[in-house]
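Asker: Once you've had a glance at the structure underneath, I'll fire off some questions.
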Amino acid sequence: MRYWLMKSEPDEVAFDDVLAAPGKTVSWFGVRNYQARNFMRDQMQPGDGVLFYHSSCAVPGIAGIAEVVGAPYPDASQFETDRKYADPKATPEAPRWISVDVRAVAQGRYLPLTELRTVPQLQDMVLLQKGSRLSVSPVTRGEWECILALAGV
DNA sequence: GCCAACGTTGGC
DNA sequence: GCCAACGTTGGC
């Protein structure tokens, strides 16, 4: 069992959208970074914990708790010609990018990035490191438990 | 395989 | 909109 933080722009997919989705489950698409992809491909397992993070918005922060459902599969958006997530070098025979399904589990108190930065136990979080831009990053068990406690989950 | 130029991320 | 930090591209 591992834990992850996954960044989503709420204008695109907010945690509320996951809660409202059928089965509270959405496809996590649009990852276009090899390191993030490799985490998804090589280390994610069904049941892994996910911190659902809102980025590029007025108050960035952790919006909810989710879990990985099922195995990775090719990200359909890479084949959508001339669209935002299109990758001309990807083909159905040789897909380059993958998706996983993510299900909302709990919604606690919203935890703004500014608050996370003040918590001593979270100092080493990948998210909080200078220049960190990874859209999928590992979270330790200690960080996970600290955040769930802060969120009141 | 180096590395400069360029593109992207994402907080502020 | 700015800009620091990082990733990717492509000429050599």
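Asker: Starting from the Cα of A:Lys130, draw a straight line to each of the lysines and keep only those under 20 Å, dropping any in the same chain fewer than 8 residues away.
Answerer: In chain and number order, the partners are A:Lys7.
Asker: Taking 0.36 nm per residue of sequence separation and subtracting the Cα-Cα distance, how much length would be gained by fully extending the chain between A:Gln45 and A:Lys84, in nm to one decimal?
Answerer: 11.3 nm
Asker: Given chain A, what whole percent of its Cα pairs are spread farther than 26 Å? Write out the running numbers ahead of the final one.
Answerer: Values: 2635 of 11628 pairs.
That fraction is 23 percent.
Asker: To continue, here is another question. Using a probe radius of 1.4 Å on heavy atoms only, what accessible surface per residue do you get for chain A? Whole Å² is fine. Don't skip to the answer; put the middle values down first.
Answerer: Working: 8130 Å² over 153 residues.
It amounts to 53 Å² per residue over chain A.
Asker: Let me ask another. Compare the peptides A:5-18, A:76-89, A:124-137 by average per-residue count of other Cβ atoms within 10 angstrom and give them in order, highest first.
Answerer: A:5-18, A:124-137, A:76-89
Asker: Identify which of A:Pro112, A:Pro60, A:Pro120 has the largest mean-square fluctuation in a Gaussian network model of chain A, with springs joining Cα atoms closer than 10 Å.
Answerer: Between A:Pro112, A:Pro60, A:Pro120, it is A:Pro120 that shows the largest mean-square fluctuation.
Asker: To continue, here is another question. Once the Cβ-Cβ distance between A:Ala71 and A:Arg117 is put in as r, and R0 is 22 Å, what FRET efficiency do you end up with, to the nearest 0.05? Present the calculation step by step, with values, prior to reporting the outcome.
Answerer: Numbers: r = 34 Å, r/R0 = 1.57.
About 0.05, to the nearest 0.05.
Asker: Mean residue ellipticity at 222 nm from the helices of chain A, using -39,500 (n - 2.57) per DSSP H segment of n ≥ 4 over the full residue count, to the nearest 500 deg cm²/dmol? Walk me through the intermediate numbers first.
Answerer: Values: 4 runs with 30 residues, N = 153.
Theoretical 222 nm ellipticity from helices: -5000 deg cm²/dmol.
Asker: Residue by residue through the range A:63-77, which ³J(HN,Hα) values in whole Hz follow from phi under the Karplus form 6.51 cos²θ - 1.76 cosθ + 1.60 (θ = phi - 60°), with glycine and proline marked x?
Answerer: My calculation for the range A:63-77 gives 9, x, 10, 9, 9, 6, 10, x, 8, x, 8, x, 6, 4, 5 Hz in order.
Asker: Expected output is a single nm value to one decimal: the length gained when fully extending between A:Lys24 and A:Ser56, i.e. 0.36 nm times separation in residues minus the C-alpha distance. What is it?
Answerer: Details: separation 32, 0.36 × 32 = 11.52 nm, distance 2.31 nm.
Extra length available between A:Lys24 and A:Ser56 comes to 9.2 nm.
Asker: Same structure again: Enter the Cα centre distance for the pair the range A:32-65 and the range A:74-94, rounded to the nearest angstrom.
Answerer: That distance is 21 Å.
Asker: Right, next: Given R₀ = 41 Å, what would the calculated FRET efficiency be for A:Val126 paired with A:Asp17, taking r from the Cβ atoms and rounding to 0.05? Don't jump to the answer; show the numbers that get you there.
Answerer: Values: r = 25 Å, r/R0 = 0.60.
With R0 = 41 Å, the Cβ-Cβ based efficiency is 0.95.
Asker: I would also like to ask the following. Rounded to the nearest percent, how much of the accessible area of the range A:3-151 (1.4 Å probe, protein heavy atoms only) is carbon and sulfur? Don't skip to the end; give the middle numbers.
Answerer: Details: 3980 of 7720 Å².
Percent of accessible area from carbon and sulfur atoms in the range A:3-151: 52.
Asker: Follow-up question, since we're still on this one. Which aspartates and glutamates, if any, have their Cα less than 20 Å from the Cα of A:Lys24, not counting same-chain residues under 8 positions apart?
Answerer: Output for A:Lys24: A:Glu9, A:Asp11, A:Glu12, A:Asp16, A:Asp48, A:Glu67, A:Asp75, A:Asp101.
Asker: If amide H atoms are built 1.01 Å from N in the plane of the peptide, which residues on other chains or at least 5 residues away come under 5 Å of the amide H of A:Gly108?
Answerer: Excluding prolines and chain starts, which carry no amide H, the hits are A:Ile65.
Asker: Continuing with the same structure: Need the full-extension length gain, A:Asn38 to A:Glu93, defined as separation in residues times 0.36 nm minus the C-alpha distance. One decimal, nm.
Answerer: Details: separation 55, 0.36 × 55 = 19.80 nm, distance 1.87 nm.
Gain on extension, A:Asn38 to A:Glu93, equals 17.9 nm.
The values are calculated or read from the model by the stated rules, or taken from the named source; none is laboratory data. All values reported here derive from a predicted model rather than from experimental measurement. Using ideal geometry, Cβ is built from the backbone for each residue, glycine included, and neighbour counts are taken over all protein chains shown. Surface areas here come from the heavy atoms of the whole protein model, side chains and all, with no ligands, DNA or RNA. Shrake-Rupley method; radii C 1.70, N 1.55, O 1.52, S 1.80 Å.
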